[in-house]
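Working notes for the structure below.
The values are calculated or read from the model by the stated rules, or taken from the named source; none is laboratory data. Here the structure is a predicted model, which is why all the values come from computation and not from measurement. A quick note on method: Cβ atoms are made from the backbone with ideal geometry, for glycine too, and the neighbour counts reach across all protein chains shown. Note: accessible area is taken over every heavy atom of the protein model, side chains too, but ligands, DNA and RNA are not part of it. Shrake-Rupley method; radii C 1.70, N 1.55, O 1.52, S 1.80 Å.
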Amino acid sequence: MKLTVIGCAGSFPGPDSPASCYLVEAPFEGRTYRLLIDLGSGALGELQRVCDLRDVDAVALSHLHADHCFDLSGLYVVSKYHPDGQLDRIPVLGPAGTGDFLATAYGIHEPVGMTEQFDFRDWQDGGTVQLGPFAVTSVLVDHPVPAYAIRVAAGGHSLAYSGDTGPTDQLVELAAGADLFLCEASFVESADNPPNLHLTGAEAGTYATRADVGRLLVTHIPAWTDRAEVESDVKTTWEGPYDLVTAGSTYDLS
């Protein structure tokens with residue numbers, strides 16, 4: 001399993017990174033299977049530096065905020081209008097209503113065009129689906145819109161992704177024993193943060209400690225937030241290996 005950080009900017013694209021998008025790859029039936037976790041604003045351009053868009057096999061959307069899903073509109077254009085012909089229909093997992101929402105965002109009054117290119121499937125809280133070599137588990141977390149944390153497992157390795165969430169014990173069970181824990185930390189401890197929205201670095205570290213993960217990957221830091229302060233917060237609750245991820249970072253599990 002290989003993880004490539006396509007975009008990791010929190011809440012909106014930053015000067016050094018698109019918004020959230022993570023490419024997970026693993027061998028499958030003699031080729032490489034490619035799963036995108038989130039496809040936020042600006043990510044589709046950067047993704048093309050890493051792989052051919054025609055080679056994307058599936059998309060998993062944690063929730064329907066723009067910084068996590070809006071570049072599916074661009075992928076739809078590629079899928080439907082590529083000069084070599086329409087691409088194969090691929091699964092797109094997301095909260096209930098994802099197909100209607102993204103068709104409206106693109107500008108289609110009816111979602112028929114989108115559904116011809118994408119097989120929209122609803123997350124089930126606590127459910128697991130098989131996508132190529134990946135067993136993908138989703139749990140509902142704490143955010144103003146329906147939002148899911150996601151665990152991807154293959155070949156004896158696993159990646160857990162918090163998506164966007166406020167503090168919730170759901171992360172402990174989902175991330176338990178994961179090799180990599182990709183966890184948001186949009187807030188800092190020194191601020192008066194609103195509830196039920198995002199995590200601080202200290203909270204990310206706490207969940208990583210409780211879940212006994214192999215490595216903490218801190219993500220979704222907005223451009224206006226001091227990364228050094230987030231890192232200082234992480235160190236107050238986590239003693240294991242960690243990175244504050246950057247666009248283009250890769251992690252191999254073998």
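Relative contact order for the stretch 13-159: 18 percent, from Cα pairs under 8 Å spaced at least 6 residues apart, divided by residue count. Computed on the chain, with alpha-carbon pairs under 8 angstrom and 6+ residues apart, the relative contact order is 18 percent.
Only helices enter this figure: runs of n ≥ 4 DSSP H residues, each worth -39500 (n - 2.57), summed and divided by the residues of the chain, yield -6000 deg cm²/dmol at 222 nm to the nearest 500.
Among DSSP beta bridges lying fully in the stretch 21-123, give the percent that are antiparallel, nearest 5. Among the beta bridges of the stretch 21-123, antiparallel pairing accounts for roughly 45 percent. Taking GluC sites (Glu not before Pro) in DSSP loop conformation with at most 12 other Cβ atoms inside 10 Å as exposed sites, the chain has its longest uninterrupted site-free stretch at 30-238.
Measuring only protein heavy atoms, the 1.4 Å probe finds Phe118 accessible over about 0 Å².
Each listed q (0.17 Å⁻¹) maps to a log10 I(q)/I(0) for the chain from the Debye sum over equal C-alpha point scatterers, namely -1.31. Amide hydrogen proximity for Phe28: with H placed 1.01 Å from N in the peptide plane, the residues at 5 or more positions away or on another chain lying under 5 Å are Tyr33. Counting charges near Glu25 (Lys, Arg +1; Asp, Glu -1) among other residues having Cβ under 12 Å from its Cβ returns a value of 0.
With the Kirkwood sum run over all distinct C-alpha pairs, the stretch 195-254 has a hydrodynamic radius of 12.2 Å.
For the stretch 109-150, just say rounded, prolate or oblate: build the C-alpha gyration tensor, square-root its eigenvalues into a ≥ b ≥ c, call rounded for a/c under 1.5, and beyond that prolate if a/b exceeds b/c, oblate if not. Oblate shape, in that a/c is at least 1.5 and b/c is the bigger or equal ratio. Note on the stretch 141-180 and the stretch 222-251: Cα centroid distance 17 Å, given to the nearest whole angstrom. Restricting the chymotrypsin sites (Phe, Trp or Tyr not before Pro) of the stretch 170-254 to loop positions (DSSP other than H, G, I, E, B) with no more than 14 neighbouring Cβ atoms within 10 Å leaves Trp224.
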